[in-house]
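The values are calculated or read from the model by the stated rules, or taken from the named source; none is laboratory data. These numbers were taken from a predicted model, which means no experiment stands behind them. Here the Cβ positions follow ideal geometry from the backbone for every residue, glycine too, while neighbour counts run over all protein chains shown.
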């Protein structure tokens, strides 16, 4: 058997095209996997909840718009084309005064609300 | 002790700004880490060598320009804002007829030439 991916798998993922299919806020959608990590696209608008991922770093890349990640010692502001890694165990709260389009990269199974849970917890592992 | 990152670590990484500091082709530079994975920026121009990473998938995201990843059963063409994951064990050869700016995401320690080695092997783990 060949280890080459199937033709379907050999298509690149167009991030803007996938984002155009997302109509909810705070609902990450998986677009690709690398080993046991997932690439997730998500649209944020407004304030999320303070939370922590105790077991993993979490990467944010802004595709369009501006993202503010509140940390307990001050905010980090990300514009399009900027990347920030929230270290594991660090409390954070993503906020966006205007809608922002973001790619998250993190291990498979990470919940958007981390340790916090609650009503803002999105269904996990949904692909688009 | 606080687990918050230091102020220096709390700055976002501007991908275009970092790429402007890179003047060599085929010489990946690390800009961030997430757990044991690295984000590397690199400029390609021309053809690379066929190689394989036997132990890991490898992610390519095109920041500017066009990248062609040759696979044994045909090429994948990526434009800016597109992502492709080369599965582990799959032979590939990155090519760029014009200079292309790329972000690679892969575990720390992965060599650019994979199993192939040779004179195109870049020094690993250089940060910018």
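Structure data summary
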item	result
Complete set of residues in the stretch B:95-120 that are under 13 Å from the mean Cα position of the chain (by Cα) and either over 19 Å from residue B:23 (Cα atoms) or modelled with pLDDT under 95 (or both)	B:105, B:106, B:107, B:108, B:109, B:110, B:111, B:112, B:113, B:114
Residue B:32 vs. criteria touching a strand residue (DSSP E or B) at 6+ places or on another chain (Cβ under 9 Å) and farther than 19 Å from residue A:85 by Cβ	no
Residue in the stretch A:42-60 that is free of Cβ contacts under 8 Å to residues at least 60 places away in the same chain, part of a loop (DSSP other than H, G, I, E, B) and more than 8 Å from chain B (Cβ to nearest Cβ) present	yes
Conditions (1) at pLDDT 95 or above; (2) within 8 Å of chain B (Cβ to nearest Cβ): number failed by residue A:73	(1)
Evaluation of residue B:86 against (1) buried (at least 20 other Cβ atoms within 10 Å of the Cβ); (2) closer than 23 Å to residue A:107 by Cα; (3) more than 8 Å from chain A (Cβ to nearest Cβ); (4) in contact (Cβ under 8 Å) with a residue 40 or more places away in the chain (one fails), failing number	(4)
Test for residue B:43: is it touching a helix residue (DSSP H, G or I) at 6+ places or on another chain (Cβ under 8 Å) and over 25 Å from residue A:41 (Cβ atoms)	yes
The listed residue being more than 10 Å from chain A (Cβ to nearest Cβ) and surrounded by 18 or more Cβ atoms within 10 Å (Cβ to Cβ), out of B:68, B:29	B:29
Filter pass, residue B:22 being at negative phi and within 12 Å of another protein chain (Cβ to nearest Cβ)	no
Single match in B:115, B:97 (criterion: part of a strand (DSSP E or B), surrounded by fewer than 19 Cβ atoms within 10 Å (Cβ to Cβ) and more than 12 Å from every other protein chain (Cβ to nearest Cβ))	B:97
Evaluation of residue A:10 against (1) more than 27 Å from residue B:57 (Cβ to Cβ); (2) within 10 Å of another protein chain (Cβ to nearest Cβ); (3) part of a loop (DSSP other than H, G, I, E, B) (one fails), failing number	(1)
